[in-house]
Amino acid sequence: MTCKHGLLVLALVPVLAWGHPDSPAIATWAPHGGQYLAPSIGGIQLTCRTHSGMPVVTVSDHFLGDVGFASPPNLIRMNPHALESMAPVAQVFWYAHECAHHYLPPGMNGETAADCWAAKKARDQGLIQASDIPSLSSTVWHTTGSPYGHPPGHLRVRLLNSCFADPTSAL
Ligand SMILES: [Zn+2]
């Protein structure tokens, strides 16, 4: 699926079967260090591009101390154990959050902006419905703030709700 600027962002294709070599799920059986251009996240094949259009590579990291982590120039690490503990919509949200760090313009890709883009982009593409927000909020609520710009969980939930309700499309 292309966005209005014609860039391929979070393109999605229904997954035909878990474990298909072209759409590997980031599940606990995904080998540590496995690299994917179109991983299956929450049962949906997703891709991500950087602000400059470079394909983002997703790496399965069994030892990551978080759900996901984006690092330059085009890498996303996802923890399959953390993903498997979440509902599919939450998995999609966290992947989209990491994608946002790459896709949004430098200087506009901080934690709050990433949360907002993830909520709106997933909504725009029909991946998250209003009825999913309570489940999604429960995975965000317990998170703590950080020196890297993560607001405390209750503020992130408030932002997530207001971004989801914002009628403008994601970038
Ligand atoms: Zn982040």
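The values are calculated or read from the model by the stated rules, or taken from the named source; none is laboratory data. What you are looking at is a predicted structure, and each value in this text was computed from that prediction instead of being measured. Reconstructed Cβ throughout: ideal geometry from the backbone, glycine too, with neighbour counts over all protein chains shown.
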Is it the case that the stretch 163-171 has a residue that's touching a helix residue (DSSP H, G or I) at 6+ places or on another chain (Cβ under 9 Å), away from the ligand (no atom under 16 Å from the Cβ) and free of Cβ contacts under 8 Å to residues at least 12 places away in the same chain? yes
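The rows are residues; the columns are (1) surrounded by fewer than 19 Cβ atoms within 10 Å (Cβ to Cβ); (2) within 26 Å of Gln45 (Cβ to Cβ); (3) more than 15 Å from the chain's Cα centre (by Cα).
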| residue | (1), (2), (3) |
| --- | --- |
| Val92 | no, yes, no |
| Ala96 | no, yes, no |
| Tyr103 | no, yes, no |
| Gly107 | yes, no, yes |
| Ala119 | no, yes, no |
| Ser131 | yes, yes, yes |
| Thr139 | no, yes, no |
Among (1) surrounded by fewer than 21 Cβ atoms within 10 Å (Cβ to Cβ); (2) away from the ligand (no atom under 11 Å from the Cβ); (3) of a type in the set (Val, Ile, Thr), Thr143 falls short only on (2)
Picked from the stretch 107-140 (must be within 14 Å of the ligand (Cβ to nearest atom) and in a loop (DSSP other than H, G, I, E, B)), the residue farthest from Thr58 (Cα to Cα) is Met108
Across (1) buried (at least 17 other Cβ atoms within 10 Å of the Cβ); (2) over 29 Å from Ser52 (Cα atoms), Ala114 clears everything bar (2)
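Of Asp66, Asp61, which residue is among the charged types (D, E, K, R) and surrounded by fewer than 16 Cβ atoms within 10 Å (Cβ to Cβ)?
Every option except Asp66 fails the conditions.
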Going through the stretch 27-76 in order, the residues found to be closer than 19 Å to Pro88 by Cβ and outside any loop (DSSP other than H, G, I, E, B) are Tyr36, Ser40, Ile41, Ile44, Gln45, Leu46, Thr58, Ser60, Gly68, Ile76
The condition from (1) closer than 20 Å to Leu83 by Cα; (2) part of a helix (DSSP H, G or I) that Leu159 misses is numbered (1)
Of (1) at pLDDT 90 or above; (2) surrounded by fewer than 20 Cβ atoms within 10 Å (Cβ to Cβ); (3) within 19 Å of Trp141 (Cβ to Cβ), Asn74 satisfies every one except (3)
If we keep only residues of the stretch 41-94 that are touching a residue at least 40 places away in the same chain (Cβ under 8 Å), within 18 Å of Asn109 (Cα to Cα) and not hydrophobic (A, V, I, L, M, F, W, C), then the residue farthest from the ligand (Cβ to nearest atom) is Gly53
